[in-house]
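All remarks here apply to the structure that follows.
The values are calculated or read from the model by the stated rules, or taken from the named source; none is laboratory data. These numbers come from a predicted model, not from an experiment. Backbone-built Cβ (ideal geometry, glycine too); neighbour counts: all protein chains shown.
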Amino acid sequence: MLSYEKKIEEFIFNDIRYFKNLNILEFGVRFGQSTRKFIDLVEKNGGHVYSVDIDDCSNISNSKQWSFRLDWSTDTMQSFR
């Protein structure tokens with residue numbers, strides 16, 4: 001397991017893996033490693049992942065439980081309401 005993946009597992013997913021109907025707001029997608037893990041989690045436990053990035057990362061997933069917004073704005077959170 002790569003060190004980045006290990007950090008994700010140890011510091012994020014160990015704490016949230018059993019939460020139900022979890023809504024996640026993620027700033028920064030990059031290569032989608034954590035994004036895909038978040039999507040897998042909400043597909044199993046219910047919920048939705050909202051991701052925002054300044055680069056077009058919309059091809060990371062086709063999941064209905066994932067929304068991507070290409071944005072640099074500080075008003076991004078308003079658009080998800």
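Structure above, values below:
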| quantity | calculated |
| --- | --- |
| Residues that are touching a Cys at 6+ places or on another chain (Cβ under 9 Å), surrounded by fewer than 20 Cβ atoms within 10 Å (Cβ to Cβ) and either of a type in the set (Ser, Thr, Tyr) or under 17 Å from Glu5 (Cβ atoms) (or both), drawn from the range 29-72 | Arg30, Phe31, Gly32 |
| All helices (runs of 4 or more DSSP H) inside the chain with 3 or more residues being at pLDDT 95 or above | 33-45 |
